[in-house]
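Here is the structure we will look at.
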Amino acid sequence: MVSARLTSDAMNRDILSLARQAGFDELESEDVEDVLASHTEELTNEDLQQLTEHSPVEDDDDKEPQ
C-alpha cells in the first residue's frame, strides 16, 4: 500500500503543479484530494437525473452538412 500512496502523492503534486501553471494559484493539495475523492463515490439517481437535465442532447438531424 505504500507504493500506491507514493504514486497518489506524486499524482497529486503533478495535478497541483499543472493547475498552478494554468493560473489556479490558490489551489491547495487538499483541494486536489477532495476532487479526486469525490470521483470515487457512486452517483445517486438524483445526481444522474441532474446531469442529464443539464447536458444538451445532440440530434444528428440538427448538424449542418460539411
Overall Cα dimensions of the range 2-53 - principal axes, largest extent first, Å | 34, 31, 13
Using θ = phi - 60° and the Karplus curve 6.51 cos²θ - 1.76 cosθ + 1.60, what whole-Hz ³J(HN,Hα) does each residue of the range 24-35 get, with Gly and Pro shown as x?
-> 8, 5, 7, 5, 10, 4, 5, 5, 5, 4, 4, 5
What ³J(HN,Hα) values, in whole Hz, does the Karplus curve 6.51 cos²θ - 1.76 cosθ + 1.60 give for the range 47-53 when θ = phi - 60°, with x put for Gly and Pro?
-> 4, 5, 4, 5, 5, 6, 5
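Computed from the coordinates by the stated procedures, all read-outs in this text should not be read as laboratory data. Bear in mind the structure is a predicted one, so any value in this text is a computation, not a measurement.
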